[in-house]
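Notes to accompany the following structure.
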Amino acid sequence: MPKYSGSIRSVIIALAVILLVVVVSNTAIGTTNISPVLTAKIIYMGLLEWVRGTISWTLSLIGIPFDSSALFSSIVPDNTWTDGQEKIIMGIRLPRVILAALVGAALATAGCSMQGLLKNPLADPYIIGMSSGAALGAAIGFTLMLPTQLISFIIATITIFVVYNISKVGGKVPVDTLLLAGIAISFFLSALTSFFLFFSESLHQIIYWMMGGFWNASWDKVKITMIIVLAGIGLSQRHAWNLNTMLLGEEQAQSLGVNVESVKKQVLVISALITAAAVSVSGIVGFVGLIIPHIMRNIIGPDHRGLLPASTLMGATFLVLSDTFARTFPSKVQAVLESSDIMLFQVILERVGSLQGVDLPVGIVTALFGAPFFVYLLRKRRKSLYA
Amino acid sequence: MLEVNGIIVKYGNRQILNQVDLHAEEGKFVGIIGPNGSGKTTLVKTINNLIKPTAGSITIDGQSLDTMSSIEIAKNIAMVSQVISINFEFTVEDVVLMGRTPYIKGAETHEDMEIVQDAMKKTRILHLKDRFVTQLSGGELQKVIIARALAQDPKILLLDEPTSHLDITNQIDILNLVKDASRKGMLVIAVMHDLNLAAYYCDKIYLIRDGDMISSGTPKEVLTPSNIKTTYNIDVEVINNSITNSLYVIPLLEPLGNHEPAFSEGI
C-alpha cells in the first residue's frame, strides 16, 4: 500500500477546508456587522462576476462579442445586500484577508523548506538575511520616496544571491557556511537600516513597516503576490522528496541519484523569492515560518510531501486569524475598558487615547502567540529539537 | 564487471589515491583493508562517483561512469556510509523507501512498496517497519540503511566500515546479510578494519597504504605477516583456523603480566 495516498491526503484536504472556512468567516468579522452567510454570498457573487468577466474578455480577444451577464444565471444568489456591504467585503476586507493568507502560506512554505534544507529546526525564512534585506529596502523606499514594495523585493532578492555566492566553495554550498554568511550579511544590512532610520524623516513609517501588517492591502498587491507565491509553492512541492533524502545526509542523497547542489540552489531561490514577495507587501511578520512547520511536523511527520502542503495551508490559516485579531482586538479592549467602572481602566483609557479602530501590527500578534508556544515546544521536546 | 584503472584522487595538493586499480566480478565479496587515513573511504566514494578522480577510469559492465547520469549510477551502485545519524522522525519503512529514489517518478507504486517489504524481510527488520528511526539501536539502524541500499536494487553494494561501531553479534549478523547478497549475484565491496572477519568473509582483499595498493588477491595471498608489517607496522602470526577454516591473524603482543605500564616510567 503506497504510504502517501492515505491519511496524509485527508489531512491536507481537511486543512484546505479549514482555510476556506477561516477566510470567509474572517472576512465577515469587523466593525460593520455582516453575517458570515451574507459574506459568503457576496464573495461567491464576486467570484462569479470575475469568471464571467474573464470569459467575455477571452472571447473578445479572439473577436467574438459575448454578453456573459446571462451566464450562470441559475446559480446566482438573490441579491440581498447593499452596495456599501459589497464595498466593505470585496473592496476592503477580502483583499486584506487573501493577502494575509498568501503571506502566511509563503512564509510557512519557505520556513519548512529552509528547515529541511539546513537540517535545522530553528531555521526560518529570514535566517539567511532576507528580512534584513527587505527592511533595508523599505527604509530606502520610505526615505527616498521610492516604491517601497519594489525596492524591498529587489534588495531582499539581491541579499540572498550575495549570501549564496559568499558561501560557495568550489561549486558547493555547505549549509553551515550559508548560515554564517547569512548572519554576517544580516548584521551588515541591519546597520545600514539603522543608518537610514537615524537620518530618515519617515521614521514612523519605517518602524511600522518593520512590525509587519496588512494596512495597505489592495487587489493590485494581491495579484502580484499571488503570482509569485503560488508559483513558488508549486515549484517547491516538486522538491519534497529530494528534501526527504537530504535529511539523511547530503552524500547519502547524492548516492541515491539526487543532484544535491542543484536542489539546494533551486529550493533556496524559490524560498527567497516567495519570502521577498511576502515581506515586501506585509513587512516583517515573524514566527509564522518558524512555528507552523514545527507544529505540522508534530502532526503529520517529517515527509515533505505531506509536510510542505500542510505547512502552506496552516500558515495561511494562522496569519488570517492573527490579522483578524490584530484589527479587531483593540476595539474590543476599548469596549471593555469603557463599560467598566474600575478606576485604573479609566486612567489607562485617558493615557492611551481611543483604541476604537486601532489596527495592531500583525507581527506583534504572531510573536506574542508564537514565542510562548515555541518555548512550550522546546520544553516538551527537549530531548530532540526535531519534531 | 567493475573495472577501476589507475585512478588518482587529490584533495588540493595532497594525493589521496595513487594509481589505484581494482577489478571485481559479480557475486564476489571484496574487502578493502588498510590503516586509518590510507584512502579506503576515498576509494569507495570515488567508485560511487561522489568524488571525481583527476585521472584514471571507472567502468561498470564496460560503461564508463563519466557517461552515466547520477540516476543511472544510483541504479547500479548503492552505498552504506560510515557515519549516519537521522534526527528526523521518519519511520523505518520511510527510510527504506528512500532507496527507491532513482526509480520513483512522483509517488511510489505498489511495486516499489513490495521491493521495500522484501528488503526489510531480507534484513530481518520487518517487525520494526513502523518504528521511528530515531529510536533504533546502532545495529538496527545499520540494518535499516542496508535494507535501503538493497531496495535500490544495485549491481554493486559499497559498504564503508559497516560494522565498526557494532557489537560482535551485530557485526556477524550484518556481514552474513551482506554475504547473502553477494551469493545472490551482487558485487559487495566493503571497507573493513577487522582482519579476521575480512579473512573469513572476503573472496578477494585489497590492501592499501597511503593511497598505494600494496597487495591484492585471496585472503591467503594478501594477509601475510610481511604485508601486514609493511602496512600496519605490527608483527603478527597468521595461522590457519581449523574451526572456521579461514586464516587467523594474531598480533604478537607481549603477555601483559610482564609488561610495565608505559606511563609509569616517566613519572
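Readers should treat all values here as calculations from the given coordinates under stated rules, not as data from a laboratory. Because the structure is predicted, anything quoted here is derived from the model rather than measured. Positions of Cβ are backbone-derived with ideal geometry, glycine not excepted, and every protein chain shown enters the neighbour counts.
Spin-label pair A:L122-A:S73: with each label point 7 Å from Cα along the Cα-Cβ axis, the two points sit 6.5 nm from one another.
Mean partner shielding of peptide B:105-114, defined as the number of other chain Cβ atoms within 10 Å of each residue Cβ, is 2.
For B:S215, the residues whose amide H sits under 5 Å from its own are B:L207, ignoring neighbours fewer than 5 places away on the same chain, with H placed 1.01 Å from N. Other residues with beta-carbon under 15 Å from the beta-carbon of A:V365 carry, at +1 per Lys or Arg and -1 per Asp or Glu, a net charge of +1. For chain A, what does the helix formula give at 222 nm: sum of -39500 (n - 2.57) over DSSP H segments with n ≥ 4, over the residue count, nearest 500 deg cm²/dmol? Roughly -24000 deg cm²/dmol at 222 nm, from the helical runs in chain A.
With a cut-off of at most 11 other beta carbons within 10 Å, and DSSP calling the residue loop, which trypsin sites (Lys or Arg not before Pro) in the range A:281-387 qualify? Please list them. Qualifying residues, ordered by number: A:R382, A:K383.
The mean count of C-beta atoms from other chains within 10 Å of the C-beta of residues in B:85-98, rounded to a whole number, is 5.
Considering only A:I284, A:I224, A:I62, the Gaussian network model of chain A with Cα springs below 10 Å gives its largest mean-square fluctuation to A:I62. Scalar couplings 3J(HN,Hα) for the range A:80-87, obtained by applying the Karplus form with A = 6.51, B = -1.76, C = 1.60 to θ = phi - 60°, are 10, 10, 8, 4, x, 4, 4, 5 Hz; x denotes Gly and Pro.
With each label modelled as a point 7 angstrom along the Cα→C-beta vector, the A:R351-A:K265 pair spans 5.7 nm. Would you please give the FRET efficiency between A:T58 and A:N216, computed as 1/(1 + (r/R0)^6) with r the Cβ-Cβ distance and R0 = 51 Å, to the nearest 0.05? Approximately 0.95, to the nearest 0.05. Amide hydrogen proximity for B:K10: with H placed 1.01 Å from N in the peptide plane, the residues at 5 or more positions away or on another chain lying under 5 Å are B:I16, B:T54. Here the label points at B:N245 and B:I172, each 7 Å from Cα along the C-beta direction, are separated by 1.7 nm in the simple model. Here the extension length gained between B:T67 and B:I104 equals 11.1 nm, from 0.36 nm per residue of separation less the Cα-Cα distance.
What ranking do B:L177, A:L107 get, fewest neighbouring Cβ atoms within 10 angstrom at the top? Intermediate values should be presented prior to the final figure.
Details: B:L177 18, A:L107 35.
Arranged by neighbour count, lowest to highest, B:L177, A:L107 become B:L177, A:L107.
Springs join every pair of Cα atoms under 10 Å in this Gaussian network model of chain A, and among A:V333, A:V260, A:V97 the largest mean-square fluctuation is at A:V333. Rounded to 0.05, the FRET efficiency of the A:K168 and B:K52 pair, given R0 = 25 Å and the Cβ-Cβ distance, is 0.90.
Extension gain, A:R238-A:A184: 0.36 nm per intervening residue step, less the Cα-Cα distance, totals 16.4 nm. Residue separation of B:Q117 and B:D203 scaled by 0.36 nm, minus their Cα-Cα distance, works out to 28.0 nm of gained length.
Largest GNM mean-square fluctuation across B:M68, B:M186, B:M120, computed for chain B with C-alpha springs under 10 Å, falls on B:M68. Long hydrophobic helices in chain A: the complete DSSP H runs spanning 30 Å or more by Cα along their own axis with mean Kyte-Doolittle hydropathy of at least 0.5 are A:7-28, A:36-61, A:94-117, A:175-199, A:260-282.
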